[in-house]
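The values are calculated or read from the model by the stated rules, or taken from the named source; none is laboratory data. Computed from a predicted structure; not experimentally measured. Here the Cβ positions follow ideal geometry from the backbone for every residue, glycine too, while neighbour counts run over all protein chains shown.
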Amino acid sequence: MADDKELELDKPAKNKKIIIIAAVVAVLALAGGAAFFFLGGDSVSEAELEAALDTADPAVVAAQVEEAAAAEAGTALYVPMPRPFRFNVPGASRDRFVEIRVQLLVRGADNEETAKKHVPLLESTLLGVFSQANADDLSTSAGKTSLKQKSLAEVQKIMMDIAGNKIIEQVLFTGFVMQ
């Protein structure tokens with residue numbers, strides 16, 4: 001009977017060890033998979049993969065993944081539109097005059113050159129989006145944010161058609177005046 005009690009006491013200790021071992025194996029497997037995925041699959045050297053597998057700290061793995069993604073994404077560059085957009089928009093009480101200065105956020109020198117090459121097309125697209133706005137919406141922060149999102153969607157769509165890639169990451173309003 002004493003042996004039965006000892007066996008019952010050992011079962012929880014063995015279960016805890018199994019759970020801990022399984023958790024460590026799962027963390028290492030996730031770290032290896034994340035390193036493989038984010039470092040580009042075929043471009044991962046064996047040394048990098050072993051280093052990622054040896055690192056059991058998820059914070060270190062996350063930092064390595066972020067560094068690799070940032071390096072792959074490229075440097076943030078800003079493409080200014082050569083002149084501000086000036087247009088009239090209808091309002092509830094009266095028409096308003098609006099002037100918006102715009103810059104486009106792109107990643108990498110190749111995307112910057114492509115965006116600069118297509119500035120007239122981008123200006124035309126943005127002016128089309130801006131001219132559909134109304135003064136009541138543009139007087140609120142939510143309305144300006146909505147206009148930015150619509151502008152981004154349209155310029156990404158047009159760049160996808162022309163260059164086969166979205167290229168533009170954000171449309172930034174660097175100046176906004178409404179009278």
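Summary of values
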read-out: Close pairs (7 angstrom Cβ cut-off, 6 or more residues apart or separate chains): in a helix (DSSP H, G or I) in the stretch 100-129, of a type in the set (S, T, N, Q) anywhere; value: LEU126/SER151; VAL129/SER151
read-out: Any hit, the stretch 88-106, residues being surrounded by fewer than 14 Cβ atoms within 10 Å (Cβ to Cβ), within 13 Å of VAL155 (Cα to Cα) and among the small types (Gly, Ala, Ser); value: no
read-out: Selected residue (only one of ALA22, ALA47, ALA76 is modelled with pLDDT of 90 or more and surrounded by fewer than 15 Cβ atoms within 10 Å (Cβ to Cβ)); value: ALA76
